[in-house]
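This report refers to the structure that appears directly beneath it.
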Amino acid sequence: MKRLLHFFWFNYDRRENDRDVYDTSNGEIQKWAERMLEDRFDVHSTSCATQGRVTRSPSDILVGHPTWHLDFAQPVPPGRSQRDWVRDNRLSPEAHAHPNTYILTPWVPRFPLEWEHSMPWLESQLDAAKLVFGICGSIWHEQTMALDGTTAQGRAKSKFVRLNMCVNPDALTVRKRGFNPLGRRKMIHVSHLGTFKGFDLLLESTKGTAVPSIGSGSLGQLEPGVVKIRIYDNEYVIDNLGDIDNGDGVRMQKLVDDHDFYLHTSSMDAQATTILEFGVRGLVPVVTPESGFECEGAIYLTRDAGRNREIIAQALQMPEEELRHRSECVTAHIRAAHSWRTFYDTIAGHIERTCEA
């Protein structure tokens, strides 16, 4: 008889034939949790944001994201959510959590304020978990291991398991059909432009060298197309793409054909999913190490905008043969190193070795 595993995430609605559909990153995590873990457990998929007690059985297993306040990036006002699935499922009043509690979360050694504001019970939940599965690049794993025990992240290092973020390449059917000639090559960045995404560094790194295409709902107040923006006490030129729908195959094919590089200048991304999405589609990543992606086919930037302008100028002039080689290298790496099967086999293996009967 299989043990019951409660997976606390963001209420993905499982659908017929959804293996062939690419959803948001959180939707993908919950979708594949059910698909991959049900080989070993009976999986009950539920919400990390609104769910409280789900069990009183000591043999059950609880895995999930820290409680996430529904209003992204807003401080939790007094009197709002009291849901804490970790504490709510303890088996005795003196316990801090159910004995088989595991946290799964994107991870950096110091969380951005947007994240902290959205996770009201983060510290106590990390402390109470048996293991913490952190989705991140190895740069953040190494920095976590160097922390002392004065923060929740530092205290978690003895029970920390690193995982790569994943994508389903077979559902991302759009592929790059060829690189643009010299003088017509372009770079694209897609994100919500939160503080940790490094939009200021992106703009300074491309100024006078390239006009970056920016896909973000955060720029919805601007006119679409090439526009001047005044921000960070300076003026820049961007190509405003507005919000981008991953499911719009026609538009996505045009974006992939029009652009040759995926640009990401984050200062503390756990492991940006958009790098994986555009890497699978064939674009060459031009990224900071702090974006969390590691592959020999990628081109790496620094925290110095002047040096980055030199790197970007050189990338725009690369021979097409080198771009094709890098593209193929990146695509093969993502398929091998960012697999949902490996992701959930790792989680299941650690749970089976550590959970209590």
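Do we have any residue at all in segment 45-68 that's in a loop (DSSP other than H, G, I, E, B), buried (at least 19 other Cβ atoms within 10 Å of the Cβ) and β-branched (Val, Ile, Thr)? Among the residues of segment 45-68, at least one is in a loop (DSSP other than H, G, I, E, B), buried (at least 19 other Cβ atoms within 10 Å of the Cβ) and β-branched (Val, Ile, Thr), which makes the answer yes. Note on segment 13-41: residues that are among the charged types (D, E, K, R), surrounded by 14 or more Cβ atoms within 10 Å (Cβ to Cβ) and out of contact with any Phe, Trp or Tyr (no Cβ under 6 Å at 6 or more places or on another chain) amount to 7.
The residues in segment 158-216 that are under 22 Å from the mean Cα position of the chain (by Cα), assigned to a loop (DSSP other than H, G, I, E, B) and of a type outside the set (S, T, N, Q) can be counted, and the count is 11. Taking segment 30-48 as the range and being β-branched (Val, Ile, Thr) and touching a residue at least 40 places away in the same chain (Cβ under 8 Å) as the test, only Thr46 passes.
Of the residues examined, Arg307 is not one that is touching a Pro at 6+ places or on another chain (Cβ under 7 Å), part of a helix (DSSP H, G or I) and more than 22 Å from Glu38 (Cα to Cα).
The set of residues in segment 82-131 that are in a loop (DSSP other than H, G, I, E, B), modelled with pLDDT under 95 and touching a Pro at 6+ places or on another chain (Cβ under 7 Å) comprises Met119, Trp121.
Screening the candidates Thr265, Thr274, Thr354 for the property of being touching a residue at least 24 places away in the same chain (Cβ under 8 Å) and closer than 29 Å to Arg19 by Cα yields one hit, Thr274.
Here is a yes/no grid of residues against (1) over 30 Å from Ile244 (Cα atoms); (2) within 24 Å of the chain's Cα centre (by Cα):
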residue	(1), (2)
Thr24	no, yes
Leu37	yes, yes
Thr46	no, yes
Thr50	no, yes
Ser57	yes, no
Ile61	yes, no
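Within the bounds of segment 320-338, is there any residue that is without any contact (Cβ under 8 Å) to a residue 12 or more places away in the chain and more than 19 Å from Glu294 (Cα to Cα)? Yes, there is a match, as at least one residue in segment 320-338 is without any contact (Cβ under 8 Å) to a residue 12 or more places away in the chain and more than 19 Å from Glu294 (Cα to Cα). Looking only at residues in segment 296-310 that are touching a helix residue (DSSP H, G or I) at 6+ places or on another chain (Cβ under 8 Å) and free of Cβ contacts under 8 Å to residues at least 40 places away in the same chain, which one is surrounded by the most Cβ atoms within 10 Å (Cβ to Cβ)? Ranking the candidates gives Ala298 first. From the list Ser205, Ser158, the one residue that fits, being among the small types (Gly, Ala, Ser), crowded, with 21+ Cβ neighbours inside 10 Å and either assigned by TED's automatic domain parsing to the domain that holds Leu316 or over 22 Å from Gly225 (Cβ atoms) (or both), is Ser205.
On the basis of being in contact (Cβ under 8 Å) with a residue 60 or more places away in the chain and within 30 Å of His333 (Cα to Cα), does Trp140 make the cut? Answer is yes for this residue.
The values are calculated or read from the model by the stated rules, or taken from the named source; none is laboratory data. Source: prediction; values computed, not measured. Because the Cβ atoms are built from the backbone with ideal geometry, glycine has one as well, and the counts that use them run over all protein chains shown.
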